[in-house]
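Notes follow once the structure below has been shown.
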Amino acid sequence: MDISQKVIDRFEQRFGGKPEHIALAPGRVNLLGEHVDYNDGFVLPAAINLATWIAFSPSGSETNTLIAFDLNEEAVFDLKGIPSKTDATGKAMADWVKYPAGMAWALSEKGLSVQGMNAVFASDVPRGASLSSSASVEMTFGIAWQALGGWTIKPMDMALIGQRAENQYVGMNCGIMDQFASACGEKDRLLLLDCRSLEYRTLPLPSDVSIIIADTSVRRTLLGSAYNNRRKSCEEAVHLLSAKFDGLKSLRDISVEEFEKYADMLPQETRLRARHVVNEIERTNQAIPLLEKGDVDSFGRLMNECHASLRDLYEVSGPELDLMARLAQVLPGCYGARQTGGGFAGCTVNLVEKEHSNDFCRILSDQYKKQTGLEPAVYICEAARGAFLLK
Ligand code: GLA
């Protein structure tokens, strides 16, 4: 059964009557520019054809009754319980509830009216797999509250509100990439975002090439603290290097050469982290003209370099991700393979010549399974439209 039918059926069962609205928001995959969004760099994600769906109606009161279909859990909270993160009985909210509640909180902070709703949501974006399942939940609820509130904001503003919810309400200090891709995705297009100016444009997907996602089936734990630590290292590098570079705002502001000249000033670990960021920003700069002229060979090489840098310098890879990337990189038709998103576990992204795609999926899957005993999911993905109200 497809997800929209699942959420509609469950809505009717629980609340009686049909939901007034349906909305959805996709997950994302990032091709290049990893761990640079919070360093004012450039990112190259695409929204994907996996999404969180919601069926909802106004509750007619301040009370929200939400059903997380995939967890088989229900939460009830009033709008007044949102600042204290407590549900209708005064108990602390479950973790999953903080994503919708955080959206309601961040929207209200912006002065946008938030109405109580009855809702069922479900997703086929795998959780904890670095495909932005959280951002897709945030953007889905953002669209839902927009429909009920009768106001309209730009997708980029919705993304910023989602980031605020995640930073300040959920406590994950993420950058803007995931919410941006989920809100602003376009069918069959890659997105190129300047994370400093927030200007973006789209680029065509290279023709004759498939984007293939390979899910190691290993899920990350403790990502939040490791992620927040990486971010602190970048801030520390900027702070120390600003002794040499007047008015240095972020690692985007120094070139690779400038960085190497003063890299010794930084403590060992901070130096490795910052070296990844400075080089990765340079790689995305190089990638843009390559993509524009359809030089997939060179673009793929940058993806492979990115993986090595995430593994050796930023240290956010993991044994299964390394294996998945290593196996893929030597398969026929593979231009580039690397871990995507926050890291530690989850998925790799692969650029593969279309005519080799099916063989690539099969062989990669078999080899990974043989070496790890784990069952991976390897599939061709499509670039999809960003969050929207379907009805
Ligand atoms: C997570 C964050 C993003 C980004 C990536 C790494 O997905 O939510 O903001 O920093 O990690 O590129």
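For the chain, set up a GNM with springs between Cα atoms under 10 Å and report which of Asn30, Asn39, Asn167 has the largest fluctuation. Looking only at Asn30, Asn39, Asn167, the biggest GNM fluctuation is shown by Asn167.
Where the accessible area of the chain is counted over protein heavy atoms with a 1.4 Å probe, how much of it, in %, is carbon and sulfur?
Roughly 47 percent, rounded to a whole number.
Tyr200 sits with roughly 100 Å² accessible to a 1.4 Å probe, with DNA, RNA and ligands left out of the calculation. Packing, taken as the mean count of other beta carbons within 10 Å per residue, orders the peptides 155-164, 321-330, 104-113 from highest to lowest as 155-164, 321-330, 104-113.
Calculate the dipole size of the range 210-381 relative to its Cα centre from +1 charges on Lys and Arg beta carbons and -1 charges on Asp and Glu beta carbons; express the result in debye to the nearest 20. Walk me through the numbers on the way to the answer.
Values: 22 positive and 25 negative charges, 87 e Å.
Roughly 420 debye, rounded to the nearest 20.
Each label point was placed 7 Å from the Cα along the Cα-to-Cβ direction; for Thr152 and Glu236 their separation is 4.8 nm.
Using the alpha carbon gyration tensor of the range 210-381, what are the three equivalent-ellipsoid semi-axes (square root of 5 times each eigenvalue), largest first, in whole Å?
Details: eigenvalues 208, 76, 23 Å².
So the three semi-axes of the range 210-381 are 32, 20, 11 Å.
Taking a straight line from the alpha carbon of Lys261, these lysines sit under 27 Å away, with near neighbours fewer than eight places off in the same chain left out: Lys232, Lys244, Lys249. Relative to the 2.2 N^0.38 Å rule of thumb, the range 17-163 has a C-alpha radius of gyration ratio of 1.04. Summing charges over all other residues whose Cβ lies under 13 Å from the Cβ of Lys369, with Lys and Arg as +1 and Asp and Glu as -1, gives -2. The value of relative contact order for the range 193-338, using C-alpha pairs under 8 Å at least six residues apart, is 21 percent. If you take the Cα centroid of the range 337-354 and the Cα centroid of the range 276-290, the two points sit 17 Å apart. Solvent-accessible surface of protein heavy atoms, probed at 1.4 angstrom with all chains present, puts Lys6, Lys80, Lys91 in the order Lys80, Lys91, Lys6, largest first.
Listed here are the pairs Lys6/Lys391; Lys80/Lys110; Lys18/Lys187; which of them are more than 18 Å apart at the Cα? Those over the limit are Lys18/Lys187.
Would you mind giving the three semi-axes, in whole Å and largest first, of the ellipsoid equivalent to the chain according to its Cα gyration tensor?
Numbers: eigenvalues 246, 130, 69 Å².
One finds semi-axes of 35, 26, 19 Å for the chain.
Comparing Cα centroids, the range 75-132 and the range 12-58 end up 15 angstrom apart. Counting only DSSP beta bridges with both residues in the chain, tell me the antiparallel percent, nearest 5. The antiparallel fraction comes to roughly 95 percent. Annotation: per residue accessible area for the range 210-381 equals 45 Å², rounded to a whole number [probe 1.4 Å, protein chains only].
Could you run the Debye sum over the Cα atoms of the range 118-252, one equal point scatterer each and no solvent, and tell me log10 of I(q)/I(0) at q = 0.15, 0.17, 0.21 Å⁻¹, two decimals? Log-scaled intensity ratios, in q order: -0.96, -1.16, -1.41. Each residue of the range 321-361 gets 58 Å³ once the volume of the Cα convex hull is shared out per residue. Look at where the Cα atoms of the range 164-185 and of the range 192-265 average out, and the two centres are 15 Å apart.
The values are calculated or read from the model by the stated rules, or taken from the named source; none is laboratory data. Keep in mind the model is a prediction, meaning the values are calculated, not measured. No Cβ is skipped: glycine too gets one built from the backbone with ideal geometry, and neighbour counts run over all protein chains shown. Remember, those area values only see protein heavy atoms, side chains included, never the ligands or the DNA or RNA. Shrake-Rupley method; radii C 1.70, N 1.55, O 1.52, S 1.80 Å.
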